[in-house]
1. Residue 69 - would you say it is over 19 Å from residue 190 (Cβ atoms), touching a helix residue (DSSP H, G or I) at 6+ places or on another chain (Cβ under 9 Å) and not in a helix (DSSP H, G or I)?
2. Considering only residues that are in contact (Cβ under 8 Å) with a residue 12 or more places away in the chain and assigned to a loop (DSSP other than H, G, I, E, B), which ones fall in the stretch 72-97?
3. Give, as residue ranges, the helices (runs of 4 or more DSSP H) completely inside the stretch 98-182 that count at least 2 residues that are under 19 Å from residue 235 (Cβ atoms) and touching a residue at least 12 places away in the same chain (Cβ under 8 Å).
4. Return a yes/no flag: does the stretch 212-228 have any residue that is at pLDDT 90 or above and exposed (fewer than 15 other Cβ atoms within 10 Å of the Cβ).
5. Given the residues 181, 192, 198, 205, which is the only one that is buried (at least 18 other Cβ atoms within 10 Å of the Cβ) and within 18 Å of the chain's Cα centre (by Cα)?
6. Can you go through 92, 151 and tell me which one is farther than 13 Å from residue 42 by Cα and out of contact with any strand residue (DSSP E or B) (no Cβ under 6 Å at 6 or more places or on another chain)?
């Protein structure tokens, strides 16, 4: 996977095209939206992920050494919690309890969070920045395929501000103050994208519209990988 990611940095991102049965490789363009799950699965997954991102941000506040860092991370936590609450409000509006709808996805998300857990504060903050961006982009793209009236609202929530620019500036300041962090965080960023994409692949198995075929799906992630690379490059880190 990492070799594939490095290859993307050397050329323009290829179009997300898959081969249909009896067709040439460039005959069909496939979007993430075609893998959209049912609305309750979508709401449960996104609500639980936003809750985990909120908890991660609150833990980062505790470990922050400056008031500026605490302020930025508190805003990240607050805005992420707001996303979670808007998603769970929709679950309740549909007559379901959020904890029941989220429960089926807790095991895989909890296992993912455990894999990327780190005692290092800078790595932890980079995780919030990169993982939050990857998942928001991923689920916003999936939301475009929802066959439900909540589609536009879901996209709006996921594309909403999460103080990401301020978080990037916080990381830039840390890297400028300690250049030695660069290689350390670059390695961590490369690890994060692999684990995050594995979770994203599992989500595609929930699709109600398109069968998941592992050999065909890799190109679907091209734009997400490219966005991750741009975030890493923006920090001066090599993806």
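The values are calculated or read from the model by the stated rules, or taken from the named source; none is laboratory data. The shown structure was predicted, so the numbers you read here are calculated from the model rather than taken from an experiment. All Cβ positions, glycine included, derive from the backbone under ideal geometry; neighbour counts span all protein chains shown.
1. Working: over 19 Å from residue 190 (Cβ atoms): yes; touching a helix residue (DSSP H, G or I) at 6+ places or on another chain (Cβ under 9 Å): yes; not in a helix (DSSP H, G or I): no.
No, not satisfied.
2. Of everything in the stretch 72-97, those that are in contact (Cβ under 8 Å) with a residue 12 or more places away in the chain and assigned to a loop (DSSP other than H, G, I, E, B) turn out to be 94, 96.
3. Working: elements: 98-102, 106-116, 121-143, 151-158, 164-177.
The qualifying helices (runs of 4 or more DSSP H) are 121-143, 164-177.
4. Looking only at the stretch 212-228, we keep the residues that are at pLDDT 90 or above, and these are none.
No, every residue in the stretch 212-228 fails to be at pLDDT 90 or above and exposed (fewer than 15 other Cβ atoms within 10 Å of the Cβ).
5. 192
6. Answer to the check: 92.
One line per residue, one yes/no per condition, for (1) closer than 18 Å to residue 122 by Cα; (2) touching a helix residue (DSSP H, G or I) at 6+ places or on another chain (Cβ under 8 Å):
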{"residue": "172", "(1), (2)": "yes, no"}
{"residue": "177", "(1), (2)": "yes, no"}
{"residue": "180", "(1), (2)": "yes, no"}
{"residue": "183", "(1), (2)": "yes, no"}
{"residue": "191", "(1), (2)": "yes, yes"}
{"residue": "204", "(1), (2)": "no, yes"}
{"residue": "226", "(1), (2)": "no, yes"}
{"residue": "230", "(1), (2)": "no, no"}
{"residue": "236", "(1), (2)": "yes, yes"}
